[in-house]
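Some notes on the structure that comes next.
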Amino acid sequence: QVQLVESGGSLVQPGGSLRLSCAASGFTLDYSAIGWFRQRPGKEREGVLCISSRRGTEYYGDSVKGRFTISRDTTKNTVYLQMNSLKPEDTAVYYCAARTPYFCSGSGVDYKSWGQGTQVTVSS
């Protein structure tokens, strides 16, 4: 069955960096799209970035553009979220989600499989 496991969340200082990992099993990244989402305290879950096997990457919103990047390693069946210049408002639970169509989506309802999330806290 499809499983996603996030890791890499931590407490970091403003301006710091983190790399989150999403290890996938039960499907191949060559025929899927993987999205990173986050849920900040008191706010709805929002799309951050997505990578697909056919159309590359997509950004959702301007707040992370230029600071966050997404990549994948098909050999390890893992997707990464590199986060630089972190701000306190980046504090959230970060989730990865998978869908088998090749197309990215910034809407969580378009994804069937979800990981349990990993906590990122940006604070001094």
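The values are calculated or read from the model by the stated rules, or taken from the named source; none is laboratory data. Since we're looking at a predicted model, the values are computed, not measured. Note: ideal-geometry Cβ built from the backbone for every residue, glycine included; neighbour counts use all protein chains shown. Ligands, DNA and RNA are stripped out before the accessible areas are found, and what is left, the full protein with its side chains, is counted by its heavy atoms. Shrake-Rupley method; radii C 1.70, N 1.55, O 1.52, S 1.80 Å.
Observations, loosely collected:
- Among (1) under 22 Å from V2 (Cβ atoms); (2) open to solvent by 50 Å² or more (accessible area, probe 1.4 Å); (3) basic (K, R), the one test that K65 misses: (1)
- Evaluation of K112 against (1) closer than 18 Å to S123 by Cβ; (2) at pLDDT below 95; (3) among the charged types (D, E, K, R) (one fails), failing number: (1)
- Counting only residues that are more than 15 Å from R40 (Cα to Cα), of a type in the set (A, V, I, L, M) and over 12 Å from the mean Cα position of the chain (by Cα), the stretch 72-124 holds 1 of them.
- Of all residues making up the stretch 91-106, the number that are at pLDDT 95 or above and more than 16 Å from L29 (Cβ to Cβ): 5
- Count - residues of the stretch 73-89 that are assigned to a strand (DSSP E or B) and either open to solvent by less than 40 Å² (accessible area, probe 1.4 Å) or touching a residue at least 40 places away in the same chain (Cβ under 8 Å) (or both): 6
- For G15: the one exception among (1) open to solvent by 10 Å² or more (accessible area, probe 1.4 Å); (2) farther than 12 Å from S113 by Cα; (3) part of a strand (DSSP E or B): (3)
- Qualifying residue in the stretch 25-41 (condition: farther than 20 Å from Q1 by Cβ, assigned to a loop (DSSP other than H, G, I, E, B) and under 15 Å from the mean Cα position of the chain (by Cα)): yes
- Cross-chain or 6+ apart pairs with Cβ under 6 Å, the stretch 15-43 first and within 19 Å of Y80 (Cβ to Cβ), then open to solvent by less than 60 Å² (accessible area, probe 1.4 Å) and of a type in the set (K, R): A33/R99
- The residues listed here are I70, I51; of these, the one that is part of a strand (DSSP E or B), under 18 Å from K112 (Cα atoms), open to solvent by less than 70 Å² (accessible area, probe 1.4 Å) and out of contact with any Cys (no Cβ under 6 Å at 6 or more places or on another chain) is I51.
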